[in-house]
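In what follows, a single structure is set out as structure tokens and then discussed.
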Number of protein chains: 2
Amino acid sequence: MSDHAGHAHHGAHHGHPRGGDIEASLDRAAATCLARGAQLTELRRQVLRLVLDSAQPIGAYALLDRLRGERRGAAPPTVYRALDFLIEHGLIHKIERLNAFVGCAEEPGHGHTHAHPHPHQFLICGRCGSTAEVCDESVAGAVAAAAGRLGFHVHRTTVEVEGICAHCHDTKSTSG
Amino acid sequence: MSDHAGHAHHGAHHGHPRGGDIEASLDRAAATCLARGAQLTELRRQVLRLVLDSAQPIGAYALLDRLRGERRGAAPPTVYRALDFLIEHGLIHKIERLNAFVGCAEEPGHGHTHAHPHPHQFLICGRCGSTAEVCDESVAGAVAAAAGRLGFHVHRTTVEVEGICAHCHDTKSTSG
DNA sequence: GGTCATGATGATACACTATATCAGGCCAGC
DNA sequence: GCTGGCCTGATATAGTGTATCATCATGACC
């Protein structure tokens, strides 16, 4: 079945699970971009930092508010252009159900982009709002098989699961 | 694995694949609602008819335009409230990637609702814009397994696959 | 009949999400 | 210095979805 599955991230219970890690991730992201002939400019780096720094999926306009702390004239296109770039290069994902963005759980440098994404699924907790990105190949395989049966050629797959995370299910109190 | 998979619908190539079928579907939908203590009012029936009548997924504001043909003062809440009801009762689905709505491919009366949905996935052709709803249990099973491994309790699963449908892939011309 | 709660719809305004478009700045290469 | 490409600034607008209050019908209950 699934040879590797499931590393949870963006947990809302732990505040900011990363700290100085983020700067290291940004450096790796910059290197990855460079290797592909693109550049992680200061603006894009700022937006990526804000996304990674968020404990939960964050919306474009929330990003915009925070971005304005460091860039006075920031406007919607400012943040959307940066987001498009980051998605294009596989550094972040968009969660369609939430109209929000999260950092990619896979480290960059694996050659995955928007055109050639790595398989990924999101588990969205309806109680605490946290999300986990899992990378389960059996899910991707089942999707590919079902699509293939109909002669459908898959480009991209969006899998977003809504439910209750283990933490919230264990502690049925108001701790979420 | 997957005991049953794949009935394609909403094909854009065939114009309106159904005709008088729609009225029969509406009647069955009304009966299903009644059996559950809800009512498919004239407004909801009109909106459901418009959704079913659309060859492709249709947006809320496109529905609103058409609805105004039969209901002069229709406003956004008019159509959104009807859509919410129809989704709640499993009569239509929302495709998140498209912000659009399609009729449920499963006939009503199977007891599935928004709270207890039947497994379903969408194949979205990026060339002709058609969508197919498939009901593959192996996909749902893989998702459930992956989630369960992390202790996540699944409520609802959104699977939306973007790619090229068999028809468009066969006829690589501009016929899409 | 009168009253009241419920659910559905009408109607207005607003919030949130995303894009189009044009202008200016920076830099590499000729 | 000019050009072309890329990035950003800035303004306006399009597209999607909700909040809120008023109105109206229905049915329960006294």
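The values are calculated or read from the model by the stated rules, or taken from the named source; none is laboratory data. Everything quoted here is computed from the prediction, not taken from an experiment. Don't worry about glycine lacking a Cβ; one is built from the backbone with ideal geometry, like all the others, and counts go over all protein chains shown. Calculation scope for accessible area: heavy atoms of the full protein, side chains included, ligands and nucleic acids excluded. Shrake-Rupley method; radii C 1.70, N 1.55, O 1.52, S 1.80 Å.
Below, the figures for the structure above:
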| item | result |
| --- | --- |
| Centre separation in Å (Cα based) which lies between the stretch A:52-106 and the stretch B:149-165 | 23 Å |
| Other copies of residue A:24: label-to-label distances in nm, shortest first, labels 7 Å along the beta-carbon direction | 6.4 |
| FRET efficiency for residue A:107 and residue A:81, using Cβ-Cβ distance with R0 set to 25 Å, rounded to 0.05 | 0.55 |
| Accessible area of the protein assembly as shown belonging to carbon and sulfur atoms, whole % at 1.4 Å probe | 51 percent |
| Antiparallel content of DSSP bridges confined to the protein assembly as shown, in %, to 5 | 80 percent |
| Compactness of the stretch A:12-170 as Cα Rg over 2.2 N^0.38 Å, two decimals | 1.08 |
| Beta bridge orientation in the stretch B:12-170: antiparallel %, DSSP, nearest 5 | 70 percent |
| Accessible surface buried upon A-B contact (total; probe 1.4 Å; Å², nearest 100) | 3100 Å² |
| Shortest-first nm distances, residue A:36 label point to equivalent points in other copies (7 Å, Cα→Cβ) | 4.3 |
| Copies compared at residue B:145 - label distances in nm, ascending, label defined 7 Å from Cα in the Cβ direction | 0.8 |
| Residue B:150 versus residue A:55: modelled label distance in nm, points set 7 Å from Cα along the beta carbon direction | 1.8 nm |
| Percent of alpha-carbon pairs separated by more than 26 Å within the protein assembly as shown | 56 percent |
| Fluctuation leader among A:149, A:81, A:28 - chain A, Gaussian network, Cα springs under 10 angstrom | A:149 |
| Simple label model, 7 Å out from Cα along Cβ direction - residue B:38 to residue A:116, nm | 4.5 nm |
